[in-house]
Ligand code: HEC
């Protein structure tokens, strides 16, 4: 029995590592509830974003973009989306070498667990058409995140 057990464990490990980066395994229903409570006030109840989201506001800060397929959330790999939500836009960009950009996206690390962040991003992903989900998955695999 022992070799069989080892083979099973080995086949589970790569999947678990992948699940950290790919949003497909998230609890979508929980993510939808978290979204309504925590994100909808800025990103819109229907993920439509704030009005005129492509132009900076009077303070020079960009408004919240839509999370549906008309926005650019799906242009980013899952690790960036996760970091943006956990650490806030400013810190996520600074960690990638982008300095001097004031982001209006707050950090949620004090508010949401990592699992809740994955759930809410998984919910957002679930609203995209299949084609868009595939492109975003590919981007996440290519960047390793
Ligand atoms: C106080 C308003 C506010 C709330 C609440 C908020 N966001 Fe944001 N979010 C923003 C703004 C403003 C931006 C654009 C920031 C930028 O340009 O860096 C943004 C950008 C993002 C991005 C990057 C998207 C992209 O296309 O580049 C992600 C991902 C994101 N938010 C996820 C979330 C999630 C998930 C929640 C709920 C847990 C949430 N946001 C709640 C204001 C908010």
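Structure notes:
- Ranking of 27, 52 by neighbouring Cβ atoms within 10 Å, starting from the fewest: 52, 27.
- Cβ crowding within 10 Å ranks 103, 140 as 103, 140, fewest other Cβ atoms first.
- Computed E for residue 143/residue 59 - FRET, C-beta separation, R0 25 angstrom, nearest 0.05: 0.20
- Cα gyration tensor category, rounded, prolate or oblate, for segment 2-143 with a/c compared to 1.5: prolate
- With R₀ set to 30 Å, the beta-carbon distance separating residue 45 from residue 91 gives a calculated FRET efficiency near 0.65.
The numbers here are math on the coordinates, done by the rules we state, and not lab data. Keep in mind it's a predicted model, so treat the numbers as computed, not measured. Every residue, glycine as well, gets a Cβ built from its backbone with ideal geometry; the counts of neighbours run over all protein chains shown.
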